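Structure first, commentary second.
No lab work stands behind these numbers, since they all come straight from the coordinates. Source: prediction; values computed, not measured. Note: ideal-geometry Cβ built from the backbone for every residue, glycine included; neighbour counts use all protein chains shown.
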Ligand SMILES: [Zn+2]
């Protein structure tokens, strides 16, 4: 097969992933190649791509390129989907996540807001991919190679290195602002919190807590007991900070 040129035009913020500043890239191919592989060879994980047009017509990731062509690649822009709404490649209503072990603060923030996110600090890459695939969770990571794994269907590459900004990114990307349920999930293990009678948790309380507090919640997973003590105010401030960034984003 003779060589042929493919011109790729990356739209929106997808240029974030490209090595050069130019948003158009020309590649020479010498064999039939899926459009997914060509896009990822440019550094853009498929989890970031919501629409692909080959010569102006929508195609999916499996589309094979075997001749000279022009490909347009678009990111997910939740609130601005006007063209080809039926041909979008990303699922929007994802509510479950798995985060890689480097994102501890993001995980804590999301759990604080009631978002279901598992995270094992010691998990290896292949375990993360397996959890994402088997439990249908979107993978949150700053490792784009991981997102390019064939078994990863949904995921997101955190742009910022700042945990607060990362939290807002995830809430935006997956349109989660309407499903937030602060203080409903365990910050340690992701379990659900349930109301617990004081006499059932007395053994876990310090003397002053026993005196000053009457309402408690307990994690159904690890048994951790929560109450609105001094740390509570800090957590509420954190939620306010997230909400105000979200509102202004
Ligand atoms: Zn727990």
What's the center-to-center distance, using Cα atoms, between the range 226-249 and the range 14-52 in Å? 39 Å
Quick check on the exposure proxy: order 16, 10 from fewest to most C-beta atoms within 10 angstrom. 16, 10
Cα gyration tensor, the range 72-194 - rounded (a/c under 1.5), prolate or oblate: oblate
Gyration tensor (alpha-carbon) shape descriptor, the range 132-176, a/c threshold 1.5: oblate
A correct fewest-to-most ranking of 33, 167 by other Cβ atoms within 10 Å would be 33, 167
Going by how many other beta carbons lie within 10 Å of each one, how would you line up 230, 34, fewest first? 230, 34
Any idea what angle helix 163-173 forms with the longest principal axis of the chain, computed on alpha-carbon atoms, 0 to 90 degrees, nearest 10? 60 degrees
I'd like the orientation of helix 230-248 relative to the chain: the angle between its Cα long axis and the longest Cα principal axis, in ° from 0 to 90, rounded to 10. 30 degrees
So what's the back-of-envelope 222 nm ellipticity for the chain, counting only DSSP H runs of four-plus at -39500 (n - 2.57) apiece and dividing by all residues, rounded to 500? -8000 deg cm²/dmol
Relative to the first principal axis of the alpha-carbon coordinates of the chain, what is the inclination of helix 125-134, with its axis defined by its Cα atoms, in degrees from 0 to 90 and to the nearest 10? 90 degrees
Pairwise label distance in nanometres, residue 30 with residue 161, each label 7 Å out on the Cα-Cβ vector: 3.9 nm
Taking Cα pairs under 8 Å and at least six residues apart, what relative contact order does the chain come out at, in percent? 15 percent
